[in-house]
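Following: one structure in structure tokens, then a few remarks.
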Amino acid sequence: MWRSWCEVLTAVDHLLVGTANLDQGIRWVHEQTGVTAAIGGSHPGWGTRNALLSLGAEQYLEVIAPDLTQTSYSFKIDVRTVSAPKLITWAARTTDLDAVARQAKAAGHQVFRPVEGWRVRPDGRRLAWRMLRLASTFAVDAVDPIPFFIEWSRDTVHPSFDAPQGCSLKELRMTHPSASAVTAVLKAVGIEIEVTTAVDATIYATLDTPNGLVCLH
């Protein structure tokens, strides 16, 4: 079940690096970490595709970019406009998406109904999940500190288990012009993190990597 309160590192399912070009994003992540993200696949109907690397058990880093073979784009952040690879948002894990929705609504937040997602890996294996988003106006310059929630299908192997290994997540912190409001929203859905006030919205992830400790943002 979704716990009513957890520290942010425990809440993370995956972090998203947005890039206008997938190859560029893969190179950037490799330069930072020493690990090459493996092609994951396309998200039908969203207009995106990705590459992944593991951050340990049930956590991973996703490089997400436009999929030029699709004619429409509906992902919540327009990575087509990102001038250089950067962390743009993150996903929080849950095994009870409906409980998260109830908790958010009870706290007075509007939620979008859960949506089904899927993609097919290069080896033909199908991955499936459900997602939930909160209505949010906190995105600044393609960076949204409010996560979407993801519940993986019971018959889906979590991507972290067979993505390229070698990295682990050590710290996640954020800055935002409306830091106290962002902190309050996260607290309302059970995530403990102190957001620092700054001019820009930035997500900072400290990783232990083959290149040593690095901070992606």
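The values are calculated or read from the model by the stated rules, or taken from the named source; none is laboratory data. What you are looking at is a predicted structure, and each value in this text was computed from that prediction instead of being measured. Quick reminder, even Gly has a Cβ in these numbers, built from the backbone with ideal geometry, and neighbours come from all protein chains shown.
Where the second residue is assigned to a loop (DSSP other than H, G, I, E, B) and the first is surrounded by fewer than 16 Cβ atoms within 10 Å (Cβ to Cβ) and lies in the stretch 160-174, which pairs have Cβ atoms under 6 Å and are six or more apart or on separate chains?
Pairs that qualify, where the first residue is surrounded by fewer than 16 Cβ atoms within 10 Å (Cβ to Cβ) and the partner is assigned to a loop (DSSP other than H, G, I, E, B), are Ser168/Leu55; Ser168/Gly56.
In this structure, does Thr71 turn out to be at pLDDT 90 or above, of a type in the set (S, T, N, Q) and under 26 Å from Val182 (Cα atoms)?
no
Would you confirm, using the coordinates I've provided, whether Arg154 is surrounded by fewer than 12 Cβ atoms within 10 Å (Cβ to Cβ), modelled with pLDDT of 90 or more and of a type in the set (Lys, Arg)?
It is true that Arg154 is surrounded by fewer than 12 Cβ atoms within 10 Å (Cβ to Cβ), modelled with pLDDT of 90 or more and of a type in the set (Lys, Arg).
From Gly34, Gly47, Gly40, Gly18, which residue is surrounded by 14 or more Cβ atoms within 10 Å (Cβ to Cβ) and either over 18 Å from Met131 (Cβ atoms) or of a type in the set (S, T, N, Q) (or both)? Quick ask: steps written out before the conclusion?
On the way: Gly47 fails: either over 18 Å from Met131 (Cβ atoms) or of a type in the set (S, T, N, Q) (or both); Gly40 fails: either over 18 Å from Met131 (Cβ atoms) or of a type in the set (S, T, N, Q) (or both); Gly18 fails: either over 18 Å from Met131 (Cβ atoms) or of a type in the set (S, T, N, Q) (or both).
So the residue among Gly34, Gly47, Gly40, Gly18 that is surrounded by 14 or more Cβ atoms within 10 Å (Cβ to Cβ) and either over 18 Å from Met131 (Cβ atoms) or of a type in the set (S, T, N, Q) (or both) is Gly34.
Taking the condition β-branched (Val, Ile, Thr) and in contact with a Ser or Thr (Cβ under 6 Å, 6 or more places away or on another chain), does Ile39 pass?
Taking the combined requirement at face value, the residue does not satisfy it.
Of all residues in the stretch 195-214 being touching a Ser or Thr at 6+ places or on another chain (Cβ under 6 Å) and without any contact (Cβ under 8 Å) to a residue 24 or more places away in the chain, which is nearest to Leu9 (Cα to Cα)?
Checking each candidate, the answer is Thr196.
Specify the residue that is nearest to Asp13 (Cα to Cα); the eligible residues are those in the stretch 46-104 that are among the basic types (Lys, Arg) and in contact (Cβ under 8 Å) with a residue 12 or more places away in the chain.
Arg93
When you scan the stretch 108-121, do you find a residue that is farther than 21 Å from Phe149 by Cα and surrounded by fewer than 20 Cβ atoms within 10 Å (Cβ to Cβ), even just one?
Yes, the stretch 108-121 contains at least one residue that is farther than 21 Å from Phe149 by Cα and surrounded by fewer than 20 Cβ atoms within 10 Å (Cβ to Cβ).
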